[in-house]
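**Student:** Could you have a look at this structure, given as structure tokens, before my questions?
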């Protein structure tokens with residue numbers, strides 16, 4: 001395969017509505033050459049009907065919802081860009097966003113991927129924009145709110161910390177916007193398709209770092225993310241896949257690093273958290289479940 005000096009953008013859609021059109025249009029307006037691949041997971045709305053007519057846009061229509069990782073991997077064989085952008089359909093970028101990503105990555109050859117300052121519609125930083133990997137210990141810290149009791153018990157969300165003034169190496173970025181170097185992807189491999197929705201990004205972060213690729217957070221690139229638009233219709237199902245993914249993540253990467261009783265305590269706590277959030281979602285359907 002010939003690698004081109006351009007960016008292949010992969011967007012997995014499921015009932016993204018008008019936001020998908022806004023997302024694709026913003027990418028096509030980029031100052032850097034792009035090819036956009038939209039993989040639709042059997043949407044039941046008119047997501048695809050309002051997309052712009054552009055020869056740079058390619059659409060794959062699935063007959064069922066394959067999940068995020070499988071759908072993403074479907075598009076990979078058709079991509080030829082030196083870099084790839086994995087972007088959620090409820091994100092909007094600026095015309096110079098991709099050129100700025102390329103500029104930083106070209107100067108940091110050991111970086112396998114990079115993320116941006118992902119913002120809510122009100123301009124605030126989203127909690128998942130800068131992350132630590134949620135190890136079993138950090139999960140206990142979060143569930144028991146130990147970070148509030150003792151400052152040394154740090155959580156795995158870094159959005160409360162001051163923004164750095166330059167790109168920094170970090171454990172994890174937002175899965176809504178991942179800018180990936182093709183040569184690093186060839187070494188690490190595609191996303192693990194055993195994750196249906198959520199946690200495939202955490203899995204990727206672990207694998208990239210295991211191959212000694214750094215992950216950059218670039219604070220002066222901003223990306224708008226209208227979080228959760230594609231998952232609001234089935235909140236309990238989304239919660240199920242999220243927590244099931246966490247269990248797979250823990251077993252895959254920490255089974256031999258933590259004592260079995262601690263790991264099982266965390267697994268039980270994860271399922272208890274799922275039950276509580278599912279009940280909350282049933283009682284208060286409009287309440288966000290993070």
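The values are calculated or read from the model by the stated rules, or taken from the named source; none is laboratory data. On a predicted model such as this, the values are computed, not experimentally measured, just so you know. When we count neighbours, we look across all protein chains shown, and the Cβ atoms used for this are built from the backbone with ideal geometry, even at glycine.
**Student:** May I ask you to verify whether residue 128 is in a loop (DSSP other than H, G, I, E, B), out of contact with any helix residue (DSSP H, G or I) (no Cβ under 7 Å at 6 or more places or on another chain) and surrounded by 21 or more Cβ atoms within 10 Å (Cβ to Cβ)? Before you say what the answer is, go through the steps one by one.
**Tutor:** Values: in a loop (DSSP other than H, G, I, E, B): yes; out of contact with any helix residue (DSSP H, G or I) (no Cβ under 7 Å at 6 or more places or on another chain): yes; surrounded by 21 or more Cβ atoms within 10 Å (Cβ to Cβ): yes.
In short, yes.
**Student:** With (1) free of Cβ contacts under 8 Å to residues at least 60 places away in the same chain; (2) part of a helix (DSSP H, G or I); (3) touching a strand residue (DSSP E or B) at 6+ places or on another chain (Cβ under 9 Å) as the list, and residue 98 as the residue in question, which single condition is left unmet?
**Tutor:** (1)
**Student:** In addition: Tell me, please, whether a residue that is closer than 18 Å to residue 87 by Cβ, assigned to a loop (DSSP other than H, G, I, E, B), assigned by TED's automatic domain parsing to the domain that holds residue 117 and at pLDDT 95 or above can be found in the range 181-192.
**Tutor:** So the first thing to find is which residues in the range 181-192 are closer than 18 Å to residue 87 by Cβ, and the list is 181-182, 184-185, 190-191.
Of the ones still in play, those that are also assigned to a loop (DSSP other than H, G, I, E, B) are 190-191.
Retained after the next criterion (residues that are assigned by TED's automatic domain parsing to the domain that holds residue 117): 190-191.
From what's left, at pLDDT 95 or above: 190-191.
Yes: the range 181-192 contains one or more residues that are closer than 18 Å to residue 87 by Cβ, assigned to a loop (DSSP other than H, G, I, E, B), assigned by TED's automatic domain parsing to the domain that holds residue 117 and at pLDDT 95 or above.
**Student:** Does any residue in the range 46-57 that is farther than 14 Å from residue 23 by Cα come within less than 6 Å, Cβ to Cβ, of a residue that is assigned to a loop (DSSP other than H, G, I, E, B) and at pLDDT 95 or above six or more places away or on a different chain, and which pairs are these?
**Tutor:** Close Cβ pairs (under 6 Å, with a partner that is assigned to a loop (DSSP other than H, G, I, E, B) and at pLDDT 95 or above) do not exist here.
**Student:** Return yes or no: is residue 15 at positive phi and either surrounded by 14 or more Cβ atoms within 10 Å (Cβ to Cβ) or in a strand (DSSP E or B) (or both)?
**Tutor:** Answer is yes for this residue.
Conditions tested, residue by residue: (1) closer than 29 Å to residue 43 by Cα; (2) not assigned by TED's automatic domain parsing to the domain that holds residue 12.
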{"residue": "195", "(1), (2)": "yes, no"}
{"residue": "208", "(1), (2)": "no, no"}
{"residue": "211", "(1), (2)": "no, no"}
{"residue": "245", "(1), (2)": "yes, yes"}
{"residue": "249", "(1), (2)": "yes, yes"}
{"residue": "259", "(1), (2)": "no, yes"}
{"residue": "270", "(1), (2)": "no, yes"}
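**Student:** Next question, about the same structure. In the range 201-225, how many residues are outside any strand (DSSP E or B) and under 13 Å from the mean Cα position of the chain (by Cα)?
**Tutor:** Quick first cut of the range 201-225, residues outside any strand (DSSP E or B) only: 201-213.
Those still in the list that are under 13 Å from the mean Cα position of the chain (by Cα) too: 201-205.
Number satisfying all stated conditions: 5.
**Student:** For the range 18-49, give me each residue that is surrounded by fewer than 19 Cβ atoms within 10 Å (Cβ to Cβ), closer than 15 Å to residue 89 by Cα and touching a strand residue (DSSP E or B) at 6+ places or on another chain (Cβ under 7 Å).
**Tutor:** 22, 26, 28, 42, 48
**Student:** Within the range 53-87, work out how many residues are assigned to a strand (DSSP E or B) and farther than 28 Å from residue 106 by Cβ.
**Tutor:** Start the filter on the range 53-87 by keeping residues that are assigned to a strand (DSSP E or B), which leaves 57-62, 81-87.
Checking which are farther than 28 Å from residue 106 by Cβ leaves us with 59-62.
Qualifying residue count for the region: 4.
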